[in-house]
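Data block below; observations after.
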Amino acid sequence: MSDATLLARAYAFAAARHADQRRKGESREPYLNHLCEVAEIVALATGGSDANLIAAAVLHDAIEDTGTTHGEIAASFNADVASLVSEVTDDKSLPKAERKRLQVATAAKKSTRAKAIKLADATSNLRAIAKSPPADWTVERRREYVAWARAVAEGLRGTNPALDALFDAAAAHAEAALAEPSAR
Ligand code: ZN
């Protein structure tokens, strides 16, 4: 499969699997927008030379959020894409608080490519918190989320300066938005 075909297939696969999902934010963006954003961040920051990495970025929430299996991704794409997606997938059998704790604890142990996807994911999520936070989230909850994202990013950063800079900008922007009196 050519790189272009691999990527076209990744977008089509993600669009089908996430078809009924929307983001939690007030504007209820299609979930696919998030996947496109994460993939573009990864592609731009890494020079676009690693098609498997970009395909895995498109598919990064497929196992966690759609019940897609590792085997399906391996069969539709390849073993490398499947193992990358598995590496960025949380164990959903664990309680949410434990998953969040593990994300902080395991971030530094991930491969460089998995770190790139996870840092781009955190960047996209922080942009969303600043631009369109979930309607039922208090300012305090948003603050806690940004602080948690920074703790996760501590373990992910240091392998790609462009990714680090995009994360820092998103975190600073989210914090600035929360500091405004209108955030209340
Ligand atoms: Zn994501």
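The values are calculated or read from the model by the stated rules, or taken from the named source; none is laboratory data. None of these values were measured; they are calculated from a predicted model. Don't worry about glycine lacking a Cβ; one is built from the backbone with ideal geometry, like all the others, and counts go over all protein chains shown. Side chains included, ligands, DNA and RNA excluded: accessible areas come from the protein's heavy atoms. Shrake-Rupley method; radii C 1.70, N 1.55, O 1.52, S 1.80 Å.
Among residues of segment 69-89 that are closer than 15 Å to Val42 by Cβ, those with a beta-carbon under 7 Å from a residue that is of a type in the set (D, E, K, R) and open to solvent by 30 Å² or more (accessible area, probe 1.4 Å) at least six positions away or on a different chain give the pairs Leu84/Arg113; Glu87/Lys110.
Only one entry in Arg23, Arg17 is touching a helix residue (DSSP H, G or I) at 6+ places or on another chain (Cβ under 7 Å), among the charged types (D, E, K, R), touching a residue at least 60 places away in the same chain (Cβ under 8 Å) and within 15 Å of the ligand (Cβ to nearest atom), namely Arg23.
How about segment 67-81: which of its residues are open to solvent by 40 Å² or more (accessible area, probe 1.4 Å) and under 21 Å from Tyr31 (Cα atoms)? Matches in segment 67-81: Gly67, Thr69, His70, Glu72. Number of residues in segment 45-63 that are farther than 14 Å from Leu32 by Cβ, of a type outside the set (S, T, N, Q) and part of a helix (DSSP H, G or I) equals 7.
Considering segment 64-78, the residues that are under 12 Å from His18 (Cβ atoms) and touching a helix residue (DSSP H, G or I) at 6+ places or on another chain (Cβ under 7 Å) include one that is farthest from the ligand (Cβ to nearest atom), namely Thr68.
Identify, please: which residue in segment 11-28 is outside any helix (DSSP H, G or I) and touching a Ser or Thr at 6+ places or on another chain (Cβ under 7 Å) and is, among those, surrounded by the most Cβ atoms within 10 Å (Cβ to Cβ)? Ranking the candidates gives His18 first. Taken together, the residues in segment 82-124 that are within 12 Å of the chain's Cα centre (by Cα) and exposed (fewer than 14 other Cβ atoms within 10 Å of the Cβ) amount to 0.
Here Pro134, Pro161 are screened, and the one residue that is open to solvent by less than 30 Å² (accessible area, probe 1.4 Å) and over 16 Å from the mean Cα position of the chain (by Cα) is Pro134. Only a single item in (1) open to solvent by 60 Å² or more (accessible area, probe 1.4 Å); (2) farther than 24 Å from Pro30 by Cβ is not met by Arg127, and it is number (2).
For segment 33-44, the criterion of being more than 14 Å from the ligand (Cβ to nearest atom), closer than 18 Å to Thr159 by Cβ and part of a helix (DSSP H, G or I) is met by at least one residue.
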